Amino acid sequence: MEPFAYRVTAGRDVDVGFLKIYLSTKAFDLSGIAQGTAFTQDRAPVAWRNRTIETWDTILIPVIQHRKPTSGQSGWPRPQQ
């Protein structure tokens, strides 16, 4: 499998995306999971209980890309107002 490559969208200096990682105590088929929006949060903390059941979880990692300054520019691009 080849690695994925991402670019900053044309006309922008900053682009934001998300990487969602699934973790599980047992292998399972993810092909039925639909990709929805990353901007809703419907989880709540749950008290820990020592369990020996199969379980899974996810982690959502924000990926923020900045366009590389061209020659003659210095520092990071400033956000548009």
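If you filter segment 17-34 down to residues that are surrounded by 10 or more Cβ atoms within 10 Å (Cβ to Cβ) and part of a strand (DSSP E or B), you find that the one that is farthest from the chain's Cα centre (by Cα) is SER24.
Scanning segment 11-33 for residues that are farther than 15 Å from HIS66 by Cβ and without any contact (Cβ under 8 Å) to a residue 40 or more places away in the chain returns TYR22, LEU23, SER24, THR25, LYS26, ALA27, PHE28, ASP29, LEU30, SER31, GLY32, ILE33. Is it true that some residue in segment 37-57 is surrounded by 10 or more Cβ atoms within 10 Å (Cβ to Cβ), modelled with pLDDT of 80 or more and hydrophobic (A, V, I, L, M, F, W, C)? Checked segment 37-57: at least one residue is surrounded by 10 or more Cβ atoms within 10 Å (Cβ to Cβ), modelled with pLDDT of 80 or more and hydrophobic (A, V, I, L, M, F, W, C).
The values are calculated or read from the model by the stated rules, or taken from the named source; none is laboratory data. Bear in mind that the values here come from a model prediction, so they are computed numbers and not experimental data. Glycine also receives a Cβ, built like all others from the backbone with ideal geometry; neighbour counts cover every protein chain displayed.
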